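Throughout, read-outs are computed from the coordinates displayed, never taken from laboratory work. From a predicted model like this one, the values you see are computed outputs, not experimental measurements. All Cβ positions, even for glycine, are placed from backbone atoms using ideal geometry, and neighbour counts span all protein chains on display.
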Amino acid sequence: MAKAGSFSDAFLDELRDAYDAEKQLIKALPKMAKAASSPKLRKAFEDHLKETRGHVGRLEQAFASLDEKVRGKHCDGIEGIIEEGGSVMDEDFDDATMDACLIAAGQRAEHYEMAAYGSLVAWAQTLGHGEAAGFLQANLDEEKAADEKLTALAEGGINQAAADAAGSDDGDEEEEGDEADDAGAAAKPKSSVAKTGAGSGRR
Ligand SMILES: [Fe+2]
Ligand SMILES: [Fe+2]
């Protein structure tokens, strides 16, 4: 079997991908924090920025534990997620709706990272890289916690505030209801938000 195609190489590739993704997120998170209106949401992004710097540090430790040079490999997946989040920020939404959108965008990034670290932890364990697995698991735990925090903020008032803002904006609750009902199949940012927030944003 060719060495270039080994599982170890695939693992290293994924590690480099994760390293690049974290670096991209370090640039994106300050913009998300700045765009947030809710002080709690802004703080959540700022806190996760600090954690994200720690993720980069842990990945560097993981590389070191493998006697590998620290190297990133461009992560197209997170670039796309960040790009989507950026285009949401260009939309003309009320503050609460923008916050709900920022949470949705942030959660896409967290879930992407959770998927990546989930595989990386499992692969590291299979390959006998216990020390690296420990660093990767620590990152995974913080991604999960960040995701849960965003859910708590959305369900703890931001989605409802967005729904209330829509109500007062239109002055017509029925119209708002129609829009939410139609949201399922639509791909517009506003509709996808209605879909994301539907659980707690509509009652
Ligand atoms: Fe991260
Ligand atoms: Fe993260």
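For this structure, a couple of remarks:
- Computed extension length for Glu79-Lys43: 10.7 nm, one decimal, from 0.36 nm per residue of separation with the Cα-Cα distance subtracted.
- Contour minus Cα-Cα distance for Asp13 and Arg71 (0.36 nm per residue): 19.9 nm
- Near Ala154: Cβ cut-off under 12 Å, other residues only, Lys/Arg at +1 and Asp/Glu at -1. The net charge is -2.
- Per-residue extension of 0.36 nm, minus the Cα-Cα distance of Met89 and Thr126, leaves a gain of 9.2 nm for this segment.
- Rounded to the nearest Hz, the phi-derived 3J(HN,Hα) couplings of region 55-72 under the Karplus curve 6.51 cos²θ - 1.76 cosθ + 1.60 (θ = phi - 60°) are 5, 4, x, 5, 5, 5, 5, 5, 4, 4, 5, 9, 6, 10, 5, 5, 8, x, where x marks glycine and proline.
- Over all other residues within a Cβ to Cβ distance under 12 Å of Met89, the charged ones net out to -4, with Lys and Arg as +1 and Asp and Glu as -1.
- Using the average count of surrounding beta-carbon atoms within 10 Å as a protection proxy, the listed peptides 100-108, 56-64 rank, highest first, as 100-108, 56-64.
- Only one residue of Ile81, Ala28, Gln61 has its Cα farthest out toward the positive end of the dipole of region 26-156, where Lys and Arg carry +1 and Asp and Glu -1 on Cβ, and that residue is Gln61.
- Each residue of region 134-144 was assigned a 3J(HN,Hα) from its phi angle through the Karplus expression (A = 6.51, B = -1.76, C = 1.60, θ = phi - 60°), giving x, 5, 5, 5, 4, 5, 4, 4, 6, 5, 4 Hz with x at Gly and Pro.
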